[in-house]
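The values are calculated or read from the model by the stated rules, or taken from the named source; none is laboratory data. Note that this is a predicted model, so its numbers are computed, not measured. Cβ: placed from backbone, ideal geometry, glycine included. Neighbour counts: every protein chain shown.
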Amino acid sequence: MATATTVPGRWGGLSRLFHWGMLGLFLVIVPLGLYMADLPLSKQKLKLYALHKSIGLTLLALAALRLLWRSTQRRPSLPPMPAWQERAASATHVALYALMFLVPLAGWLFNSAAGFPLQWFGQVNLPALVDANPALKSLAREAHELGAWTLVAFVALHAAAALKHHFIDRDRTLALMTPGVKAPGTGVDP
Amino acid sequence: MNTRHPSPALLLFVGVLGLSACPTLYAADAPAYVPVAAQSSLSFSGTQQGERFTGVFRDFDARIAYAPDQLPGSHIDVTIRLKSLDSKSQDRDSALAGADWFDFAKFPTATFHAATIRISSAGPVGDADLTIKGKTKRISFPFTWKNDSGKNVLDARVTLDRLDFGVGAGEWADESVAGRKVDVVVHLVLASAPAAAAPAATAGKPAAAPAAAPKH
């Protein structure tokens with residue numbers, strides 16, 4: 001990445017809104033997905049699935065908007081840290097963005113291959129990506145689940161790293177993205 | 001004028017009496033047909049969560065006796081083996097098999113009997129008893145009857161309310177997941193019924209009493 005696009009300071013308001021808003025939805029959609037799958041068939045189950053799909057489509061759209069917005073923004077520079085940490089952070093961000101797309105798309109594929117309708121909050125129906133296909137359905141389901149767990153793992157790693165920088169390294173990494181958090185020791189915004 | 005001539009009304013009365021006494025005219029079935037399985041279909045379409053889906057019943061028997069000039073001997077009888085349902089979604093198919101929907105375990109078949117066929121201004125119409133999930137409803141079954149390269153073809157489309165038959169009862173009754181209206185589309189390419197089939201077989205049995213003259 002070109003370092004010319006990084007600047008001192010922190011992420012802007014819209015970037016932070018994307019970040020925390022998507023995390024909020026993520027914290028709803030993951031437990032919902034785990035809970036709903038084993039329910040016996042009922043109308044409630046279909047409604048929970050519909051909600052899961054609606055949130056998933058929302059996250060997919062937000063991921064696209066977020067990536068677009070990110071490409072127009074100059075990124076705040078990271079505080080000094082070992083090169084391996086910068087590389088790890090960069091790789092984690094690539095993985096997070098990739099999974100933000102892959103997980104909902106695999107879910108959409110799963111839904112299409114299952115021959116099920118796809119409706120966004122009861123308002124708009126979206127087309128199937130493929131025709132009903134039982135073999136592809138199992139494959140897409142595996143991909144969706146594995147992808148979701150991988151995303152959970154990367155989110156946890158990302159959060160753990162940010163907290164480690166804040167509480168152990170006592171640098172301004174967490175403050176770059178977190179409203180109301182100041183860089184440790186300085187008492188000021190980064 | 002000779003007043004001893006019978007009045008036209010009396011002539012008509014006698015004529016009708018004579019006709020009804022003649023079993024070959026009264027009870028004779030119209031020519032009988034069975035569908036050519038590979039070219040015929042029994043499909044339906046409904047809505048689920050805002051989306052239209054279609055399904056088919058692959059396994060059904062039908063016997064159609066019909067000729068526009070032999071309406072009293074015309075009838076349509078269909079038996080549908082419900083577990084042959086395919087709506088292109090395993091999840092939906094297994095849901096439809098359950099007790100809230102078709103309840104295959106208790107009601108493995110649906111039947112359709114149109115014992116009366118009349119000609120309306122729009123074409124032939126069967127007055128049919130449709131039985132699904134143990135509930136029978138009289139429906140009007142308008143159809144078209146065409147000859148297509150030597151074969152008779154019956155096409156029909158009727159709209160049913162699934163709740164008339166308790167299909168999708170209980171919590172599914174409202175339309176928030178599935179619509180009530182279901183369009184059924186029938187396309188039967190017909191071949192002459194084999195001679196050994198029901199009416200012929202009955203008639204051929206030496207023991208068959210005239211009283212058992214085939215209505216079906």
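Taking the numbered list (1) closer than 18 Å to B:PHE141 by Cα; (2) modelled with pLDDT of 95 or more; (3) surrounded by fewer than 16 Cβ atoms within 10 Å (Cβ to Cβ) in turn, B:ARG58 passes all entries but (1). Buried (at least 18 other Cβ atoms within 10 Å of the Cβ) and touching a helix residue (DSSP H, G or I) at 6+ places or on another chain (Cβ under 9 Å): is that true of B:ARG63 in this structure? Here the answer is yes, as B:ARG63 does meet what is asked.
Residue-wise test of (1) under 16 Å from A:PRO104 (Cα atoms); (2) of a type in the set (A, V, I, L, M, F, W, C); (3) part of a helix (DSSP H, G or I); (4) touching a Gly at 6+ places or on another chain (Cβ under 9 Å).
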position	(1), (2), (3), (4)
A:LEU17	no, yes, yes, no
A:ALA50	yes, yes, yes, yes
A:ALA63	yes, yes, yes, no
A:ALA88	no, yes, yes, no
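Taking the criterion of being more than 14 Å from every other protein chain (Cβ to nearest Cβ), touching a residue at least 24 places away in the same chain (Cβ under 8 Å) and more than 18 Å from B:LEU163 (Cα to Cα), the residues of the stretch B:74-107 that qualify are B:SER74, B:HIS75, B:ILE76, B:ASP77, B:VAL78, B:THR79, B:ILE80, B:ARG81, B:LYS83, B:SER84. Just wondering, is there one or more residues in the stretch A:84-105 that are of a type in the set (Ser, Thr, Tyr) and within 20 Å of B:ARG92 (Cα to Cα)? Looking through the stretch A:84-105, none of the residues is of a type in the set (Ser, Thr, Tyr) and within 20 Å of B:ARG92 (Cα to Cα). Here B:LEU163 meets the list (1) modelled with pLDDT of 95 or more; (2) in contact with a strand residue (DSSP E or B) (Cβ under 9 Å, 6 or more places away or on another chain) almost entirely, failing just condition (2).
Out of the stretch A:117-158, which residues are among the small types (Gly, Ala, Ser), free of Cβ contacts under 8 Å to residues at least 24 places away in the same chain and more than 14 Å from chain B (Cβ to nearest Cβ)? Residues satisfying the conditions are A:ALA153, A:ALA156. Filtered by the rule that a residue be free of Cβ contacts under 8 Å to residues at least 24 places away in the same chain and more than 28 Å from B:TYR33 (Cα to Cα), the stretch B:133-174 gives B:ASP161, B:LEU163, B:ALA173, B:ASP174.
Within the stretch B:33-53, work out how many residues are of a type in the set (Gly, Ala, Ser) and within 14 Å of chain A (Cβ to nearest Cβ). Qualifying residue count, the stretch B:33-53: 3. Is it fair to say A:LEU59 is away from chain B (no Cβ under 14 Å), more than 15 Å from A:PHE121 (Cα to Cα) and either touching a Leu at 6+ places or on another chain (Cβ under 7 Å) or at pLDDT 95 or above (or both)? Considered against the rule, which asks whether it is away from chain B (no Cβ under 14 Å), more than 15 Å from A:PHE121 (Cα to Cα) and either touching a Leu at 6+ places or on another chain (Cβ under 7 Å) or at pLDDT 95 or above (or both), A:LEU59 comes out as no. All of A:GLY21, A:GLY9 fail the test of being touching a helix residue (DSSP H, G or I) at 6+ places or on another chain (Cβ under 9 Å) and assigned to a helix (DSSP H, G or I), apart from A:GLY21.
Here B:ALA114 clears all of (1) closer than 18 Å to B:VAL184 by Cβ; (2) out of contact with any Gly (no Cβ under 7 Å at 6 or more places or on another chain); (3) away from chain A (no Cβ under 14 Å) except the condition numbered (2). Screening A:ASP131 with (1) under 22 Å from A:LEU27 (Cβ atoms); (2) of a type in the set (Asp, Glu); (3) loosely packed, with under 14 Cβ neighbours inside 10 Å gives one miss only, at (1).
Every residue, every condition in (1) of a type in the set (A, V, I, L, M); (2) at pLDDT 95 or above; (3) in contact with a Ser or Thr (Cβ under 7 Å, 6 or more places away or on another chain), yes or no:
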{"residue": "A:PRO8", "(1), (2), (3)": "no, no, yes"}
{"residue": "A:TRP11", "(1), (2), (3)": "no, no, no"}
{"residue": "A:PHE18", "(1), (2), (3)": "no, yes, no"}
{"residue": "A:LEU25", "(1), (2), (3)": "yes, yes, yes"}
{"residue": "A:VAL28", "(1), (2), (3)": "yes, yes, no"}
{"residue": "A:GLY33", "(1), (2), (3)": "no, yes, no"}
{"residue": "A:ALA37", "(1), (2), (3)": "yes, no, no"}
{"residue": "A:PRO40", "(1), (2), (3)": "no, no, no"}
{"residue": "A:ALA50", "(1), (2), (3)": "yes, yes, no"}
